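Right, one structure below, let's go through it.
The values are calculated or read from the model by the stated rules, or taken from the named source; none is laboratory data. Just so it is clear, the model here is predicted, and its values are computed rather than measured. Quick reminder, even Gly has a Cβ in these numbers, built from the backbone with ideal geometry, and neighbours come from all protein chains shown. Ligands, DNA and RNA are stripped out before the accessible areas are found, and what is left, the full protein with its side chains, is counted by its heavy atoms. Shrake-Rupley method; radii C 1.70, N 1.55, O 1.52, S 1.80 Å.
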Amino acid sequence: MKPDEYKGWVERYGRLALEDSVAYERSVSLWLAVGTLFYVCCLTASLVLLCLTALAIRAGTIGSLWRLGLIGGVLFYALVRSLLVRLEPPVGRILTMKEAPRLFEELDRVRERINCPRVHSVVLVTGVTAFAAISTRFGPFGRRLHVGIGVPLLAMMPTDQFLAVQAHELGHHARRHTVMGTKTAIAFQIWQETVRSLSKIRSVTVTPIASFARWYLPRLDAVTVAVRKRHEFEADATAKELKGEAAAGALVRLTADEDVRLKRYFSELRSMPRQLPTPPSDYFERMQQIAQGGSTEGVADQLTKELRLRSEFDSSHPSLSERLRALGVSCEPDDGVAVENLVEKFAGPPDSIAGEDLLGDSWPSIRSELDEFWREQASDWWAEERRTQKEAEAALAEKASNDPLDIARALWEVSGPEAAWDELSQALKANPSDPETRFATGSCAVQTGRSEGVELLRSLLNDPHYRVGALRLLYEYFRQAGMADDANETYEALMATEVPSEPAAQILTQKDSLSPRELSDDEREGLARVAAKVPGLLRAYAFDRRSPGGTGIGSGLALVFKPPLFVPHESDFCNETASKVSQVTSFGKGVTWWILMEGGATAKWVKRKKELTPWTPDKAPTE
């Protein structure tokens, strides 16, 4: 499904959801039924083939009909096996009722008021997030409800706003939003597992099944975008019904905390490896101190920008202004007094900290435990950052290079983008037509709030090596500046642009035969450039790919990266890294390459492909 077609479907069903909600609900149910009907037809066809084969065997006329029996058996096996999919529970630190009796009492009070099923577990996670997730034991059966709580919310939010967030999340489940989400997620998993099983055993039925999945799944996703936005409004209404104005206050404070206070904190944290050999042991404690300090510097400006923005066409969440308006809080972004009042009312120093109030005496020990967990998780990233920053500092001290770009890169590593601006400006004057210099200068400009970076990056949109990276930077700049029209236009251009590498999931799940091969000179040179200019490259695997039929389909190269600490999603990390790699090299003609993130599915893939020999970059010892 092409991006323009996908956008058209999203907009069409979005209009239908607004004009006739009943007809829209029927459409969603119909699309779920289409997948179910095709599944039943395939299952019936497989049973018919097996029955015909059995009758032929009994009549002694099997002949070449055994092939039909084999096809039916393989299809039946793949379809039944796909039903074994399950939605896994969230991973995190399980919080018990004994540790936080008041928190569980408050959650039970919310549940009872909105008639929500019982919560099976409360899970603490390290991100700035909150969710109510469903896990299943067998396909759609054996559902269990899990509440996920981001520790930063406990450390930074006042109790009433924190409980409003939990009311919102439980409201999703009480209104059966999570049931719809579960059905959609299971539909995706069933068809993906069916295609994967048929590919694994090289069945001839994989082509029609995979063609249906490629046609069906993007359309199902597009149809359900509008319902996901409507679900957010309904969950917000539940939070308002239970917690009053704290529901709107939570949205304002989350903007202040995530987009201003934590952004500033993370920026300071990234500069620490040069001074500290190991990560700090008070990661979440510092967040609590930031919240209790209650600084509102820059919050009103950021809130004004957020209020100007509209949600992207395929976003599952409405914009901040839409959500506040639905909650009865009207605030125009150009009304400076009203914005300041919102900040003063909802985003100032908290009267209480949710962690202290709801976890009581257990809070300090749980926070310390999670501080230590974060410290362990961050240690590899910290060591790599420390090495990089120390090398940059040494290069500056020794004046190892006269190249303005090298000097600017070192300054950026040591002191941030602002410190690199003067050198990059001089480099651009000396070499105004060089795309690498234009991209580096434009990147620095937009990340430091300078509008001149916009034209520099726009001048690179026709260059395939820089297009994705330039669009991402422009999109973030326009969002931060509150330029809604430009942000949406850039987002749509980004969605319509293909990243010049295949998605990681394809190489991790495909069943092509992979045979090891030697790296070409172009690939070795390209990997050396990537290792020098893109942080985190751990190793690479070179191989030849062959399809199940034995036809050669070209050379492949998988690059495994250690993700940075603050990567929000694996797909975002892989896409962003791919855009960076594409700016450095192409690895030569005819080579298809992938970006993989260390751990998880990548670790399993590497374990299965023992025959592949890794290439590793030379690394200086970490101080």
>> Let me check something: with ligands and nucleic acids excluded, how do V252, V34 order by accessible area (1.4 Å probe), largest to smallest?
In response: V34, V252
>> Between M495 and N341, what is the label-point separation in nm under the 7 Å Cα-to-beta-carbon projection?
In response: 3.6 nm
> Taking the mean number of other Cβ atoms within 10 Å as a proxy for protection, how do you rank 87-93, 527-533 from highest to lowest?
Replying inline: 527-533, 87-93
> To the nearest 0.05, how large is the calculated FRET efficiency for S316 and L65 if R₀ is 41 Å and r is the Cβ-Cβ distance?
Replying inline: 0.25
> Nearest 0.05, what FRET efficiency do R102 and E234 give at R0 = 22 Å with Cβ-Cβ as r?
Replying inline: 0.20
> Which order do D257, D522, D406 take when ranked by solvent-accessible area (1.4 Å probe, heavy atoms of all protein chains), largest first?
Replying inline: D522, D406, D257
>> Please list log₁₀ I(q)/I(0) at q = 0.10, 0.11 Å⁻¹ for the chain, using the Debye equation with identical point scatterers on the alpha-carbon positions.
In response: -1.10, -1.33
> Too long at a 25 Å Cα-Cα cut-off: which of K7/K243; K263/K345; K243/K345; K429/K533; K390/K429?
Replying inline: K7/K243; K390/K429
> Roughly how many nanometres apart are two label points built 7 Å out from the Cα toward the Cβ at R517 and R93?
Replying inline: 4.8 nm
>> At 0.36 nm per residue, and after removing the present C-alpha to C-alpha distance, how many nm does the segment from E25 to R137 gain when stretched out fully?
In response: 37.6 nm
>> Taking the solvent-accessible surface of protein heavy atoms with a 1.4 Å probe, what is the per residue accessible area of the chain in Å²?
In response: 48 Å²
>> Calculate the FRET efficiency for L276 and Y77 from the Cβ-Cβ distance with a Förster distance of 56 Å, rounded to the nearest 0.05.
In response: 0.55
> When only C-alpha pairs under 8 Å and at least 6 residues apart count, what is the relative contact order of the chain, in percent?
Replying inline: 11 percent
>> Taking the square root of 5 times each eigenvalue of the Cα gyration tensor, what semi-axes in Å does the equivalent ellipsoid of segment 1-94 have, largest first?
In response: 41, 21, 13
> At what distance in nm do the modelled label points of R375 and F38 sit from each other, each positioned 7 Å from its Cα along Cα→Cβ?
Replying inline: 5.2 nm
> For T159, T44, what's the largest-to-smallest order of accessible area, 1.4 Å probe?
Replying inline: T44, T159
> In whole percent, how big is the carbon plus sulfur part of the accessible area of the chain, probe 1.4 Å, protein atoms only?
Replying inline: 52 percent
>> Counting only helical runs of four or more DSSP H residues, what would the 222 nm mean residue ellipticity of the chain come to if each run contributes -39,500 (n - 2.57) and the total is spread over all its residues?
In response: -20500 deg cm²/dmol
>> I'd like the accessible area for L65: 1.4 Å probe, protein heavy atoms, all chains in place, Å² to the nearest 10.
In response: 70 Å²
